[in-house]
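To keep things clear, I will list the structure first and then write my remarks on it.
Read the figures in this text as sums done on the coordinates, not as results from a lab. As the structure is a computational prediction, the values presented were derived from the model and not from experiment. Here Cβ is always computed from backbone atoms with ideal geometry, including for glycine, and neighbour counts include all displayed protein chains.
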């Protein structure tokens, strides 16, 4: 799940730990969300976008295919 977000993280060398710290959540919580075992809040997605990927939409971040 969140394939495009994971790709963006990889391309931009953003670690799960770094992003978890930005969101003030546990690394395992972020990992679970990235793997579909939890749900991102709109506020979390907006913070990810604003902090790391300002040129992408929230729709891009929740894309489950790499065709975003």
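Quick notes on this one:
- Volume in Å³ per residue [convex hull over Cα atoms, computed for the range 3-61]: 73 Å³
- In nm, spacing of pseudo-spin labels at residue 18 and residue 3 (7 Å Cα→C-beta vector): 2.4 nm
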